[in-house]
Amino acid sequence: MTGSGNKSLTSSIPGLRCGETISRVGSLNACFFARRGFQVEVYESREDIRISNATSGRSINLALSHRGRQALKAIGMEDQVVSQGIPMRARRIHAPSGKKYSIPYGTNSQVFTLLVTFLHKFLRTTAEKYSNSKVYFGHKLQYCNVESGLLTFLGCLQNIENILEITCDLIVGCDGAFSTVRKQFMRQTRFNYSQMYIPHGYMELTILPKNGNFAMEPNYLHIWPRNTFMMIALPNMDKSFTCTLFMSFEDFEMLKTGDQVLDFFKTYFPDSIPLIGEHELKNDYFRLPAQAMISVKCSSYHIDCRCVLMGDAAHAIVPFYGQGMNAGFEDCLVFDELMNQFHNDFTVCLPEFSRLRVPDDHAISDLAMYNYIEMRAHVNSTWFIFRKYIDNFLNALLPSTIIPLYTMVRSTFPTVPSHYLASPSFPLCLFCAYKNKRDMGYFQT
């Protein structure tokens, strides 16, 4: 298949799934394919957030690192997106005593925090700028037939539900962790699939600006690590912070009254109370229940030359490395590079995409699990902090030989495949001993 304008390509994006407020990978994919001359149709189950008052009620802030930026750069969007983000240069640790200290990410390991709504609106608007790309909102995917390329949507026109059927040459399923497109894969022999709900959930709170400015230092990922649970805070462009409390559902359920919540925070997060506010804390804690987090792995990502999965539909990962969106964006970039290499031949590009991305995405999923332990427990260790400084010192002396794991995952070394980083034998990673799942103990509480 060539990239000629008379070809029809559909990127299927049914929208909000498993904690993802909105789909972004599909919008970015639409830009990549439209740029190649394909006729692209994007179907979104939610209403257009740019004109709708509907909101999901919660979202974990997005962390944009080098892997994601490379995909945006390839499509000419990097500068516009980065300009709307806040750089985070280190972790800022808050001890129960009130003491604070910083742990640098490493050389050139800058990460930007972004608002979900901004990136959604920006990518949607950019996708619609291509004359050969159309976005349809309020269309929920009901059925997908890969062999025939038939997609059936339930839409709503003038408050009347209607069924829409379309056919296309390639189906790109970017429809989240509970992918409808992926259900078609489940019928295929030798298709592997697993999902795991981790026993911890998350809840969002807010720190409002103080006297028109940030209430804390803005260029940090603030962490309150408490060994079996933690709270983090990310800065926003409006000078507020989005706080996210991660802990087991059993711990969440033990706090049944506002006074219990306040006592809990006085014990474990005392310095956050004047920042959040006692009244706001008592009320916001019960505004919405704690939300679950899921990890999804599958292989392969394609069926013949007719359908491919990307983003959370292929690899939903927990948020502790901030790499879910970046991995999804990297999917788009890798596929685009394969299209260049194999001259838009789907019969070659799709199998090669699975071959390259499955081990990398599975590895970043495992690394994200491990990073939760690092964030909530290891950062309390003096030995861990000392080792971090040694890592950065050695990296400064031997930048091409000693590369900290965090730097390789998030920043300036995108050519290192993720599955190498998770290998216990990887020679450049000073944390390889922790990559053994037997030693990781993800969720011991």
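Listed values for the stretch 358-371 are Karplus-derived 3J(HN,Hα) couplings in whole Hz (6.51 cos²θ - 1.76 cosθ + 1.60, θ = phi - 60°), namely 4, x, 5, 5, 5, 5, 5, 5, 5, 5, 5, 4, 4, 5, and x replaces Gly and Pro. Using the Cβ-Cβ distance between Gln188 and Arg89 with R0 set to 51 Å, the FRET efficiency from 1/(1 + (r/R0)^6) comes to roughly 0.65.
Computed 3J(HN,Hα) for the stretch 89-102, one whole-Hz value per residue from the Karplus formula 6.51 cos²θ - 1.76 cosθ + 1.60 where θ = phi - 60°, is 9, 6, 8, 10, 8, 10, 7, x, 6, x, 5, 10, 8, 10, glycine and proline marked x. A Förster radius of 45 Å combined with the Cβ-Cβ distance from Glu280 to Lys73 puts the calculated FRET efficiency at roughly 0.70. Between His343 and Lys99, full extension at 0.36 nm per residue minus the direct alpha carbon distance yields a gain of 82.1 nm.
Report note on the peptides 195-203, 315-323: ranked by the mean count of other C-beta atoms within 10 Å, highest first, their order is 315-323, 195-203.
Residue by residue, the stretch 262-270 carries 3J(HN,Hα) couplings of 4, 5, 4, 5, 5, 6, 10, 10, x Hz when phi is fed to the Karplus relation 6.51 cos²θ - 1.76 cosθ + 1.60 (θ = phi - 60°); x denotes Gly or Pro.
Shown for the stretch 282-390: the carbon plus sulfur share of the solvent-accessible area, taken with all protein chains present and a 1.4 angstrom probe, equals 57%.
If a/c stays under 1.5 just call it rounded; otherwise compare a/b with b/c (prolate if a/b is bigger, oblate if not). Do that for the stretch 265-414, with a ≥ b ≥ c from the square roots of the Cα gyration tensor eigenvalues. Because a/c hits 1.5 or more and a/b fails to exceed b/c, the stretch 265-414 counts as oblate. Scanning residues 5 or more positions from Thr206 or on other chains, those with amide H under 5 Å from its amide H are Cys243, with H placed 1.01 Å from N in the peptide plane. Amide H to amide H, which residues 5 or more places from Ile86 or on other chains are under 5 Å from it, using H placed in the peptide plane? Sorted by chain and number, the residues that satisfy this are Thr113.
Would you mind classifying the stretch 186-276 by shape? Square roots of the alpha carbon gyration tensor eigenvalues, ordered a ≥ b ≥ c; an a/c under 1.5 is rounded, otherwise it is prolate if a/b is larger than b/c and oblate if not. Note, shape of the stretch 186-276 comes out oblate.
In this structure the amide hydrogen of Gln142, modeled in the peptide plane, comes within under 5 Å of the amide hydrogens of Thr152, Phe153, Leu154, none closer than 5 places in sequence on its chain. In straight-distance terms, cross-link reach from Lys99 covers every one of the lysines whose alpha-carbon lies under 16 Å from its own, apart from those fewer than eight places away in the same chain; here that gives Lys266. Taking every protein chain into account, the accessible area of the stretch 334-394 amounts to 39 square angstrom per residue (probe 1.4 Å). Do any of Lys129/Lys297; Lys256/Lys297; Lys73/Lys121 go past 24 Å between their Cα atoms, and which? Checking Cα-Cα distances, Lys129/Lys297; Lys256/Lys297 exceed 24 Å.
The trypsin sites (Lys or Arg not before Pro) of the stretch 198-266 meeting both criteria, a DSSP state outside H, G, I, E and B (loop) and at most 13 other C-beta atoms within 10 angstrom of the site's C-beta, are Lys256.
The values are calculated or read from the model by the stated rules, or taken from the named source; none is laboratory data. From a predicted model like this one, the values you see are computed outputs, not experimental measurements. In this analysis, Cβ positions are derived from the backbone assuming ideal geometry, glycine residues included, and neighbour counts consider all displayed protein chains. Please note that ligands, DNA and RNA were not included when accessible areas were found on the heavy atoms of the full protein model with its side chains. Shrake-Rupley method; radii C 1.70, N 1.55, O 1.52, S 1.80 Å.
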